[in-house]
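Trainee: First the structure, then my questions, so here it is.
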Amino acid sequence: MMAAEKSPSVTGVLLHDEPMSRHTSWRVGGPAEYFFRPANIDDLAIFLRELDTEVPVFWFGAGSNLLVRDGGLPGVVISVAGVLKHIEQTGPYEATVGAGCPCTQLARQCIRWGLGPAEFFAGIPGTLGGALAMNAGAYGGETWERIKSVKTIDRQGEIHERLPSDYKVAYRSVSGPADEWFLEAVLAFDPAAEASMETLKEMLDRRKATQPIGLPSCGSVFRNPPGDHAARLIEVAGLKGHRIGGAEVSAKHANFIINSHKASAADVEQLINFVQQTVAERHGVELVHEVRIVGNPAP
């Protein structure tokens, strides 16, 4: 099957030239050549098996840690955020969670079940799939600390069970088998840890007070360098409020870049580069962005 076609056996939605600005938290990004939202895992497997092997595939979650350039993405973008949202307690201290489940929902449900520590997931924007792909973390916790196993799907539509030992996991970095994408994970929790809705509320209140919640952003743009915080370095460099086009370094939290006024992806990327350059000149520190930058520049 070519990307321009959809087999009668595939029941999901396939769109052509779909603007990624509709799907990313920055509200920027050019069109996906094709954008596919499967009906379920079986539908996804059929689609992948029938897709020509030379067609590029880009796996997409909630778009919360992603900058798509203005020229868009070639091939097929596969979106599972609205599909793999299941969450089920599958053991006394275990939960099986779909890659499309929002991390905030995961935190709340695990606390209701008394599974802890789970509160930190509420500080991670986006879905569990995205958190797995980058070992996202917040408030001292990291995603892969809780992972017992994962289920993936490959380019041929085959499903695999994987263990953490199949992956190299570091700070905001995960590498593993090529051309496989996360479908779900089994999370293991600590029997001795108390899950607290009050702690969750405190975390969310702190996040609301210190971050530009409600404005188009991707969350933290840069990784914290060893022994320091990216936000501190950016603020001391005098960059809070600095703008390029419609992109702006947040005055509330310096490690956030917001789309303050009809920014383009190019505006955001130029501001990322400018922040890196300025911090390197002022502090001698090379900031590494944790946001993923993909796609083609505008023609």
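Rule-based calculations on the coordinates, nothing more; no lab input. Please read these numbers as outputs of a predicted model, since none were measured by experiment. Glycine also receives a Cβ, built like all others from the backbone with ideal geometry; neighbour counts cover every protein chain displayed.
Trainee: Straight-line reach from Lys208: which lysines fall under 27 Å, measuring Cα to Cα and dropping same-chain residues less than 8 apart?
Mentor: Counting by Cα, and skipping residues close in sequence, Lys208 has these lysines nearby: Lys85, Lys240, Lys252, Lys262.
Trainee: Ranked by Cβ crowding within 10 angstrom, fewest neighbours first, how are Met20, Met197 ordered?
Mentor: Going from least to most buried by this count: Met197, Met20.
Trainee: Please give me, ordered by residue number, the trypsin sites (Lys or Arg not before Pro) of the stretch 191-299 that lie in loop per DSSP and have at most 12 other Cβ atoms within 10 Å.
Mentor: Those satisfying the criteria are Lys262.
Trainee: Okay, moving on. Which length gain, in nm to one decimal place, applies between Glu281 and Ala298 when the Cα-Cα distance is subtracted from 0.36 nm times their residue separation?
Mentor: In short, 3.2 nm is gained.
Trainee: With a cut-off of at most 14 other beta carbons within 10 Å, and DSSP calling the residue loop, which GluC sites (Glu not before Pro) in the stretch 2-65 qualify? Please list them.
Mentor: For GluC sites (Glu not before Pro) across the stretch 2-65 that sit outside H, G, I, E and B with at most 14 neighbouring Cβ atoms in 10 Å, the list reads Glu5, Glu54.
Trainee: Going by the alpha-carbon gyration tensor, a ≥ b ≥ c the square roots of its eigenvalues, is the stretch 17-118 rounded (a/c under 1.5) or, if a/c is not under 1.5, prolate (a/b greater than b/c) versus oblate?
Mentor: oblate
Trainee: Percent of Cα-Cα pairs more than 22 Å apart in the stretch 83-240, please.
Mentor: That tail contains 44 percent of the Cα-Cα pairs.
Trainee: Among Ala45, Gly30, Gly245, flag the residue with its Cα farthest along the positive direction of the charge dipole of the chain, charges on Cβ as +1 for Lys/Arg and -1 for Asp/Glu.
Mentor: Gly245
Trainee: Order of Glu88, Glu235, Glu248 from fewest to most other C-beta atoms within 10 Å?
Mentor: Fewest-to-most ranking of Glu88, Glu235, Glu248: Glu88, Glu235, Glu248.
Trainee: Given Cα positions, please report Rg to Rh for the chain, the hydrodynamic radius being the Kirkwood one.
Mentor: My calculation of the ratio gives 0.97.
Trainee: Something else now. Under 22 Å Cα to Cα from Lys168, which lysines show up? Leave out anything in the same chain fewer than 8 places away.
Mentor: Candidates past the 8-residue exclusion: Lys148, Lys151.
Trainee: For Val174, Val77, Val288, what ranking results if the residue with the fewest other Cβ atoms within 10 Å of its Cβ goes first?
Mentor: The most exposed by this proxy come first: Val288, Val174, Val77.
Trainee: Relative to the Cα centre, what is the charge dipole magnitude of the stretch 168-299, using +1 at the beta carbon of each Lys and Arg, -1 at the beta carbon of each Asp and Glu, and rounding to the nearest 20 debye?
Mentor: Around 460 debye, computed over the stretch 168-299.
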